[in-house]
Amino acid sequence: MKCSLLLFLLLLLFFFIIFSSTSKLSGAASIVRTIAVDPNHKGDFTSIQEAIDSIPNNNTHWIKIHVASKRYVFLEGEGAHRTSIEWGDHSPDRRGHGGKATATFTSSASSFVAAGIAFKNTYDGSVNIRQALAAAISGDKSSFYNCSFIGFQDTLFDRKGRHYFKDCYIEGVMDFIFGNGQSIYEVSIPFNSDNMELFLRWILFVM
């Protein structure tokens, strides 16, 4: 009897700790401020460094820095298995975000290059099948080398412009590559019976 009671109390303590951790994480995921960076003086600051400097020391809230039109940026990681940019938003969420706003990574500047980075949307469809973008790319002449794009529905929003994906890995379900971009893909995609037909339809559409 004592063993059963002790086991029950231990399980109760375990679930309390898990619940507390989850609550803290979900609270931390709320962006309280967005800083716009635009070299043409149409944002809050004209450089990324100025935006970073404006964040107070010992900051405890998530702050998003949106870069409007910085060209010729090369973002390099240490490999898609070691360097990742992750977020877990979906559309619509409790903050009313639309599809594009759910993207973990958004690039609208031209002549952008990324290498050796994984872009992940960690939403797993546990609520429902909803848009959950890993990346939204709309800048012209953007290219990605040895990168991974991992998400659920609508993983990669190839929105517009000319893009090149070399030795990249793309994973998702239902329209996991979509948009009006004029792109070349030399990538690895995990095929299964659920997404093969959808991908073939996409290939015919872009051709």
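The values are calculated or read from the model by the stated rules, or taken from the named source; none is laboratory data. From a predicted model like this one, the values you see are computed outputs, not experimental measurements. Glycine gets a Cβ as well: all are built from the backbone with ideal geometry, and neighbour counts include every protein chain shown. Quick note on the areas: whole protein, heavy atoms, side chains included, nothing else; ligands and nucleic acids left out. Shrake-Rupley method; radii C 1.70, N 1.55, O 1.52, S 1.80 Å.
List of remarks:
- Qualifying residue in the stretch 27-40 (condition: in contact with a helix residue (DSSP H, G or I) (Cβ under 7 Å, 6 or more places away or on another chain), modelled with pLDDT of 70 or more and within 25 Å of Gln153 (Cα to Cα)): no
- Residue list for the stretch 64-77, filter: at pLDDT 75 or above, out of contact with any Gly (no Cβ under 8 Å at 6 or more places or on another chain) and outside any loop (DSSP other than H, G, I, E, B): Val73, Phe74, Leu75
- Looking at Phe157, Phe149, Phe119, just one residue is under 12 Å from Thr104 (Cβ atoms) and open to solvent by 10 Å² or more (accessible area, probe 1.4 Å), and that residue is Phe157.
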